[in-house]
Amino acid sequence: METVLSLILIIITAIFVNNVVLAQFLGICPFLGVSKNVSTASGMGGAVTAVLIVATAVTFAIQKLVLDVYDLGYLQTIAFILVIAALVQMIEIILKKSAPTLYQALGVFLPLITTNCCILGVAILVIQKDFNLWEGLIYAGSTGLGFLLAMVLFAGLREQLEMVNVPKSFAGVPIALITAGLLAMAFMGFSGVDGGLKILFGL
């Protein structure tokens, strides 16, 4: 029971309390660049979630089976960057051959994921938080869902902003940054929820 509650706490914390974009400020480039409409934002969020789970599994194995065994922890960052870049390229090639329709849907987003610091950040955080593989995968998937939630909410707000008269000095990027800041402030309302749940469940 305690394990289940711990996993639920990881999910809630990753999605709401420590949202990867709005609280940890990782993945800002796609957050601002690929959020002009909800369909594009949801596609990017879904692709990031899938890659996060796969990348976390692979980097976790490399950390435990190679870097820790041979005392090469100082190579963690460069090793993870190379692995994530290679992994995204492999996924792109596999999708192109085996699932052309899915490749057409995600193909635009896959190259962007290679340079998304959210992927590297989560891979490193899983190791720093000393999660086991199962917890790491849950955390990665939940972080991806948090990224997807932030992207869709932000894209919805930007779509609404297109329908109103924004002062010329605020049009475009300025109003987008202000909106992102207000959205981040809204998510601050979840601060302390994780601590309250730990006390409630005695974790």
Legend entry - Identity of the residue in segment 147-173, touching a residue at least 60 places away in the same chain (Cβ under 8 Å) and among the aromatic types (Phe, Trp, Tyr), that ends up nearest to PHE190 (Cα to Cα): PHE147
Inset, instruction - Output the number of residues of segment 114-163 satisfying the condition of being open to solvent by less than 10 Å² (accessible area, probe 1.4 Å) and outside any helix (DSSP H, G or I). - result: 1
Inset, instruction - Answer with yes or no whether ILE78 is farther than 16 Å from VAL54 by Cα, open to solvent by 30 Å² or more (accessible area, probe 1.4 Å), of a type in the set (A, V, I, L, M, F, W, C) and assigned to a helix (DSSP H, G or I). - result: yes
Legend entry - Candidate set from segment 18-36 (those that are more than 11 Å from the chain's Cα centre (by Cα) and not in a loop (DSSP other than H, G, I, E, B)); member that is nearest to VAL122 (Cα to Cα): CYS29
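Residue-by-condition table, conditions (1) under 25 Å from ILE84 (Cα atoms); (2) open to solvent by 10 Å² or more (accessible area, probe 1.4 Å):
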{"position": "THR3", "(1), (2)": "no, yes"}
{"position": "ILE11", "(1), (2)": "yes, yes"}
{"position": "ASN18", "(1), (2)": "yes, yes"}
{"position": "VAL21", "(1), (2)": "yes, no"}
{"position": "PHE25", "(1), (2)": "yes, yes"}
{"position": "PRO30", "(1), (2)": "yes, yes"}
{"position": "SER42", "(1), (2)": "yes, yes"}
{"position": "GLY45", "(1), (2)": "yes, no"}
{"position": "THR49", "(1), (2)": "yes, yes"}
Inset, instruction - Look at segment 164-203 and say how many of its residues are among the hydrophobic types (A, V, I, L, M, F, W, C) and outside any helix (DSSP H, G or I). - result: 4
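The values are calculated or read from the model by the stated rules, or taken from the named source; none is laboratory data. Just so we're clear, the structure is a prediction, and the values are computed from it rather than from any experiment. All Cβ positions, glycine included, derive from the backbone under ideal geometry; neighbour counts span all protein chains shown. Just so you know, the surface numbers come from the protein's heavy atoms only, side chains and all, with ligands and any DNA or RNA stripped out. Shrake-Rupley method; radii C 1.70, N 1.55, O 1.52, S 1.80 Å.
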